[in-house]
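S.K.: Here you go, one structure.
Bear in mind that the values in this text are calculations on the coordinates, not laboratory data. For clarity, every value in this text was computed on a predicted model and none was experimentally measured. When we count neighbours, we look across all protein chains shown, and the Cβ atoms used for this are built from the backbone with ideal geometry, even at glycine.
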Amino acid sequence: MADYFTVEKETSFSLTEKKSKFIGYIKPCESEAQAVEFVNLIKKKHSDARHNVYAYVLRENNKQRYSDDGEPQGTAGLPVLEVLTKKGITDVCVVVTRYFGGILLGTGGLTRAYSDACCGAVEHSGVKLMTECNKVALSCDYSFYNTLQNLFGNYTLKTEKADFSEKVEIVLYIKSGEFEKFENDINDKFSGQISLKVVGKQFFGFEVEK
């Protein structure tokens with residue numbers, strides 16, 4: 001499977017534009033059923049709102065959907081979708097709720113407000129790179145720990161846990177494409193005095209700026 005970008009967590013972001021309140025909700029979703037469920041949940045939560053605009057992008061069948069929900073065509077759902085596609089994010093659903101403030105924004109104003117609400121939600125959620133990783137168990141003496149930590153900084157990896165008892169026992173995820181070099185570095189620097197074992201393989205997320 002290829003690497004991809006998605007969002008870290010469900011969250012929301014709100015802004016006010018000429019007395020209209022826009023609330024952008026975002027959630028990681030792996031299927032259309034999850035996305036539709038999220039849209040319906042927000043619509044129910046804000047059933048008194050003038051509009052509940054949405055867009056979602058999924059790896060499942062490369063699906064993209066959006067709705068203007070009564071706003072002028074192309075001013076709401078499409079700008080939200082374009083934020084997601086331009087940022088290269090997938091497996092994500094965004095709903096932007098609008099409470100009308102009595103002042104018309106015009107097509108340009110609407111487009112900017114819906115885009116900004118979506119951008120804010122993305123930034124608050126955090127973007128992560130999902131990549132295939134090796135799950136690795138390491139064991140070493142305390143005297144090697146600081147040097148090992150410095151070496152970690154050269155790689156795309158994340159420590160899951162570290163136990164400090166008779167020895168330092170570390171479990172981490174490292175990008176599969178970097179594992180061979182990582183293993184060679186460990187063996188070269190520590191002359192085989194660090195135990196290293198691959199205990200699994202899975203997709204794992206690393207936070208990035210997007």
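S.K.: Let me know the charge dipole size of segment 64-109 about its Cα centre in debye, to the nearest 20, where only the beta-carbon of Lys, Arg (+1) and Asp, Glu (-1) is charged. Each step should come with its number before you reach the end.
M.R.: On the way: 4 positive and 5 negative charges, 25 e Å.
Dipole size: approximately 120 debye.
S.K.: If you don't mind, another one. Among Gly101, Cys118, Leu138, whose Cα sits farthest toward the positive end of the charge dipole of segment 76-210 (+1 at Cβ of Lys/Arg, -1 at Cβ of Asp/Glu, about the Cα centre)?
M.R.: Farthest along the dipole direction, towards plus: Gly101.
S.K.: Quick one: Phe38, Phe164, Phe190, Phe203, fewest Cβ neighbours within 10 Å first, how do they rank?
M.R.: Details: Phe38 22, Phe164 10, Phe190 17, Phe203 13.
The order, fewest Cβ neighbours first, is Phe164, Phe203, Phe190, Phe38.
S.K.: Quick one: check the C-alpha center-to-center distance for segment 77-145 versus segment 150-170, whole angstrom.
M.R.: 29
S.K.: Calculate the radius of gyration of the Cα atoms of segment 4-125 to one decimal place, then report Dmax, the largest Cα-Cα distance, as a whole number, both in Å.
M.R.: When restricted to the Cα atoms of segment 4-125, Rg and Dmax are 13.0, 41 Å.
S.K.: Build a GNM of the chain with springs between Cα atoms under 10 Å: which of Lys27, Lys181, Lys43 gets the top mean-square fluctuation?
M.R.: Lys181
S.K.: Counting other beta carbons within 10 Å of each residue's own, what order do Glu166, Glu60 fall into, fewest first? Walk me through the numbers before you get to the answer.
M.R.: On the way: Glu166 9, Glu60 14.
Exposure proxy ranking, most exposed first: Glu166, Glu60.
S.K.: When Cα extents along the principal axes in Å is calculated directly from the model, which label among (i) 71, 33, 27; (ii) 63, 36, 30; (iii) 73, 45, 37 fits?
M.R.: It is the one labelled (i).
S.K.: Can you give the Kirkwood hydrodynamic radius for segment 56-123, in Å, rounded to one decimal and based on Cα pairs? Walk me through the intermediate numbers first.
M.R.: On the way: mean 1/r = 0.0810 Å⁻¹.
Computed over segment 56-123, the radius equals 12.3 Å.
S.K.: Could you work out the relative contact order of the chain, using alpha carbon pairs under 8 angstrom and six or more residues apart, expressed as a whole percent?
M.R.: Details: 431 pairs, mean separation 51.0, N = 210.
Answer for the chain is 24 percent.
S.K.: With +1 on each Lys and Arg Cβ and -1 on each Asp and Glu Cβ, and nothing else charged, work out how big the dipole of the chain is about its Cα centre, in Debye to the nearest 20.
M.R.: Numbers: 27 positive and 29 negative charges, 161 e Å.
The calculation lands at about 780 debye.
S.K.: What ranking of Thr111, Thr147 emerges when the number of other C-beta atoms within 10 Å of each C-beta is taken as an exposure proxy, fewest first? Don't skip to the end; give the middle numbers.
M.R.: Numbers: Thr111 20, Thr147 12.
By the 10 Å Cβ count, ascending: Thr147, Thr111.
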